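The values are calculated or read from the model by the stated rules, or taken from the named source; none is laboratory data. These figures come from a predicted structure and were not determined experimentally. Every residue, glycine as well, gets a Cβ built from its backbone with ideal geometry; the counts of neighbours run over all protein chains shown.
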Amino acid sequence: MSELRPETRIVHVPQPVVTDSRPISVPIYQTSGFVFDDPAVMAGAMGRPDGAFVYGRYTNPTVRSLELAVAGLEGGVAAIATGSGMGAINIVLLGLLKPGDHLIAQRSLYGGTAAMINDLTARFGIEVTYVPENDPAALRAAARPETRLVYLETISNPMTLVADLPAMCGAARELGIPSVVDNTFATGLLCRPIEHGADIVVHSTTKYLSGHTDVVGGIAVFADSARYEQVWRFAIELGATAEPFASWLTLRGLQTLALRMERHCSNARHLATRLAGHPAVAAVHWPGLPSHPSYELAGRLLSGFGGVFSFDLAGGRAAGEKFMSSVRLALLAPSLGGVETLVLHPATTSHRAMSAEDLAANGIGEGTVRISVGIEHPEDLWADVSQALA
């Protein structure tokens, strides 16, 4: 380098090679591409997911660390990290479905997923049949020769219905239909869908996996290598890949997931139990309550009942708006799974794309409030909620 002019030397910065030690935390590889000495190695890296790192749209060492960590958490063979949770859902649906195919989905779905499925129907002629999340007989009856996927949510958003994954994924497998499970609400700590027969697991890593409301991301985890490679090729064409810094933030959050989930679940129990006895509340939808329709199944399938639930206010829409404008500690904001407690009105926010008929069919009313319970002290949370109800 000594013979180079200053203008050139500042472009080609020396990089130390770490040999006899390694970093404690995963480094951020904030680079768009990688340098090769051998043209053949570079060419080979462009065509396979397990080749050398070549370009940021394909993957990156920091992103790969996140993929390996979440694949290990979920018991999968590989994963693809994406720029958002909807990015993860889209690479799976668009990567595995084509015009004329048929999709079976559970009736109670996140609003963004429901909107995407409606768009698939309108844009590509992909037909969809909705079935209950716990009825394998309905799944079998809905199956056709052109059925290509079954789509489920471990815990549904926002009514927290628990899918009977062993029965539903088992029925799909008997029929030779791969199943996709959104495990965002449960995480791989409360439930591991692949162990119950799921072929693909998706997450919005924005939520519990990162856990600090400071990053947007998603991930799809695969039970087999062939389907992983098929979706990976589509994902790099679509350009939905995660970027290094967001992946690094998610990894940092992931390390405390077990501690946070324990507190999320215990705080949710504290609030849900007390809300269930409040005169202003018509119903509480949390699978840890004996009154919930998924209570027995949740006790068998989950190691915890989750930190998100919804409740119906007896005063309807006006009561819901008054409650959300009256909380002081809880925050009126989108998303969920962060350390802060958040509230929102599903009918006009997360599920705004659904028709009034679909909202009613899913049990989402004008007075339904969703709460993502944070890790604050439970008595401080109850004091805030009770004063807002008053």
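A few comments on the model shown:
- For first residues located in the range 346-361 and more than 20 Å from Val131 (Cα to Cα) and aliphatic (A, V, I, L, M), partners that are modelled with pLDDT under 75 and part of a loop (DSSP other than H, G, I, E, B) and lie 6+ apart or on another chain with Cβ distances below 9 Å form the pairs Ala347/Met354.
- In the range 5-47, residue surrounded by the fewest Cβ atoms within 10 Å (Cβ to Cβ) [restricted to those that are within 24 Å of Ile236 (Cβ to Cβ) and β-branched (Val, Ile, Thr)]: Val35
The rows are residues; the columns are (1) touching a helix residue (DSSP H, G or I) at 6+ places or on another chain (Cβ under 8 Å); (2) over 25 Å from Gly288 (Cβ atoms); (3) not polar (S, T, N, Q); (4) not assigned by TED's automatic domain parsing to the domain that holds Arg107.
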residue: Leu161; (1), (2), (3), (4): no, no, yes, no
residue: Val181; (1), (2), (3), (4): yes, no, yes, no
residue: Arg192; (1), (2), (3), (4): yes, no, yes, no
residue: Ile200; (1), (2), (3), (4): yes, yes, yes, no
residue: Val221; (1), (2), (3), (4): yes, yes, yes, no
residue: Ser225; (1), (2), (3), (4): no, yes, no, no
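- Residues that are in contact (Cβ under 8 Å) with a residue 12 or more places away in the chain and more than 25 Å from Thr250 (Cβ to Cβ) were ranked within the range 1-35; the one that is nearest to the chain's Cα centre (by Cα) is Pro14.
- Evaluation of Thr241 against the conditions (1) crowded, with 19+ Cβ neighbours inside 10 Å; (2) at pLDDT 95 or above shows that the sole unmet condition is (2).
- Number of the exception - Ala388 against (1) touching a Lys or Arg at 6+ places or on another chain (Cβ under 7 Å); (2) modelled with pLDDT of 95 or more: (1)
- For the range 345-364, the condition of being touching a helix residue (DSSP H, G or I) at 6+ places or on another chain (Cβ under 9 Å) and at pLDDT 95 or above holds for none of the residues.
- Ala142 falls short on exactly one of the conditions (1) touching a residue at least 40 places away in the same chain (Cβ under 8 Å); (2) surrounded by 17 or more Cβ atoms within 10 Å (Cβ to Cβ), and that condition is (1).
- Some residue of the range 115-125 being under 21 Å from Thr349 (Cα atoms) and of a type in the set (Gly, Ala, Ser): yes
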